[in-house]
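The values are calculated or read from the model by the stated rules, or taken from the named source; none is laboratory data. Bear in mind the structure is a predicted one, so any value in this text is a computation, not a measurement. FYI the Cβ positions are ideal-geometry reconstructions off the backbone, even for glycines, and counts take in every protein chain you see. Calculation scope for accessible area: heavy atoms of the full protein, side chains included, ligands and nucleic acids excluded. Shrake-Rupley method; radii C 1.70, N 1.55, O 1.52, S 1.80 Å.
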Amino acid sequence: MAAAQSVQTAIEPSRTIADRLAAVRAEIDVAARAAGREAASVDLVAVGKTYDADVMVEAIEAGQRVFGENRVQEAAAKWPALKARWPDIRLHLIGPLQTNKVKDIIGLVDVLQTLDRESLAEALVRARDRGASLPELLVQINTGREPQKAGVVPEDADAFLARCRDGRQLPVGGLMCIPPAEEPPALHFALLRDIARRNGLAQLSMGMSGDFATAVRFGATMVRVGSAIFGARAAKPA
Ligand SMILES: *Cc1c(COP(=O)(O)O)cnc(C)c1O
């Protein structure tokens, strides 16, 4: 993980979520200006996975409205009540989606960032054919060609995008990537930006707690930030 970027957002448990949100926003602002961009062109997606609804409420009360979850089950348990209370909340699914769970995200998730394969594209088409209104879609690109990671490999991206957009008329608005943890992320961000540009896609979801400032410099329109806002997550049980 590229730890070097995040000076202001280093995790200090004594600070409140409102403080940490403000620090992340300030860092986005600085990076955007340095790149000649408006800070408002970058959506901060607060990744609340593993944290309870009452922790989300702290962020909501601090003005945050865009959130990310990586598991459908957790999203479905946490967000319907919060969305009922704050209807302007936008929820992004940023983790893998099984085709048989597509029905569970309809009406819950506003942006699906992880369209990563033909079978999922087909399942979305079937849901639409049954009358579902689909979320906005981002195609996940496996920029590092990591076998254990989801996503379309870069050399297949243009053809997959064409099949989703022209063939299936799916509402694809952009791309998302999760660079390999052990590599400097800049080359991956640049690759994602180039694929988006040549395909005329506006949205670029890239950058996490350790590297969101770099991502903003490379054109991110969405950064997905979890631990820098909510604190370190407990390690997953084995
Ligand atoms: C958890 C997660 C994030 C946020 O990670 P942090 O390092 O805690 O900011 C971003 N993107 C995805 C896909 C995630 O699963």
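Points to keep in mind about this one:
- Here the spin labels are modelled as points 7 Å beyond Cα on the Cα-Cβ line, and at A22 and V57 they lie 2.2 nm apart.
- Pair-distance distribution of segment 55-181: all C-alpha pairs, bin width 5 Å, starting at 0; shares per bin in whole percent are 2, 10, 21, 22, 18, 14, 8, 4, 1.
- Amide H contacts of V66: A46, R90, each under 5 Å away and 5 or more positions distant or on a separate chain (H built 1.01 Å from N in the peptide plane; Pro and chain starts excluded).
- Under a 5 Å amide H cut-off, with hydrogens placed 1.01 Å from N, G95 pairs with nothing among residues at least 5 apart or on other chains.
- Ordered from longest to shortest, the equivalent ellipsoid semi-axes for the chain are 27, 22, 16 Å, each the square root of 5 times a Cα gyration tensor eigenvalue.
- The share of Cα pairs per 10 Å bin across segment 197-238, counted from zero up to the longest distance, runs 27, 39, 23, 11, 1 percent.
- Top of T143, T50, T221 by mean-square fluctuation, Gaussian network on the chain, Cα under 10 Å: T50
- Solvent-accessible area per residue in the chain equals 46 Å², computed with a 1.4 angstrom probe and all protein chains kept.
- Taking every Cα-Cα distance in segment 139-238 and sorting them into 10 Å bins starting at zero, the pair-distance distribution P(r) comes out as 15, 45, 29, 10, 1 percent.
- The string of couplings for segment 105-110 from the Karplus curve (6.51, -1.76, 1.60, θ = phi - 60°) is 9, 5, x, 9, 9, 8 Hz, one whole number per residue in order, with x for Gly and Pro.
- Within the chain, longest stretch free of exposed GluC sites (Glu not before Pro) [DSSP loop, at most 14 other beta carbons within 10 Å]: 39-181
- Portion, in percent, of the accessible area of the chain that falls on carbon or sulfur, probe 1.4 Å: 53
- Length available on full extension from E38 to A132: 0.36 nm per residue minus the Cα-Cα distance, which gives 30.4 nm.
- Couplings 3J(HN,Hα) for segment 18-33, derived from phi with the Karplus relation 6.51 cos²θ - 1.76 cosθ + 1.60 (θ = phi - 60°), are 4, 4, 5, 4, 5, 5, 5, 4, 5, 5, 4, 4, 4, 5, 5, 4 Hz, where x marks Gly and Pro.
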